[in-house]
1. So what is the 222 nm mean residue ellipticity for the chain from helices alone, if each DSSP H run of at least 4 adds -39500 (n - 2.57) and you divide by all residues, rounding to the nearest 500 deg cm²/dmol?
2. Using alpha carbon coordinates only, what is the Rg to Rh ratio of the range 18-114, with Rh defined as the Kirkwood radius?
3. What percent do you get for the relative contact order of the chain when only Cα pairs under 8 Å and 6+ apart count?
4. Please state the relative contact order of the range 37-118 as a whole percent: Cα pairs under 8 Å, 6+ residues apart?
5. So how compact is the range 80-130: Cα radius of gyration and Dmax in angstrom?
6. Between 78, 24, 174, where does the largest GNM mean-square fluctuation fall for the chain, given springs only between Cα atoms within less than 10 Å?
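Each value in this text was obtained by applying a stated rule to the coordinates, not by laboratory testing. Quick caveat, the model's predicted, so the values are computed rather than measured.
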């Protein structure tokens, strides 16, 4: 059960938070050149969707904490509680609470319209604190770009990266469209 919860949290982080950050950067770029009400409507729907996903993330995250505390033995439970409330408690709580607060702050129209905050939020959704620390420490190790590979059999090429980012955004917009249709159906059902 706990594996499914961790998998769900990973899917939300990778497929929704990162995709929304990428979508936001593209939206801000294209909104400079294209003034269209459809683009603004897509942005509003995607902000509502990511706020909804933030609530789902909060529920799944809290459920995972309680389930994990109930299935662990006493020694592991003490270790987890020490991580949660010990000397370095902020390392456990900061990232999930940052994602939850960012997604919920996007409900406010003034914050959603602020370009600087949106860029900051998109960067924080794309790069977790853990990834930022890994990037910073990688630059301090004197690695050469020729050694930048993930696995010996797997090479990262710019075309693969661009294709995967494009697919992430398309998948995200598909879920936003489904969310919009469900909301529209619920609103029409309420009005009857």
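1. -26500 deg cm²/dmol
2. Checking Rg against Rh, the ratio lands at 1.16.
3. Values: 106 pairs, mean separation 68.9, N = 192.
Answer for the chain is 36 percent.
4. Relative CO of the range 37-118 lands at 41 percent.
5. Here Rg and the maximum Cα pair distance are 13.5, 40 Å.
6. 78
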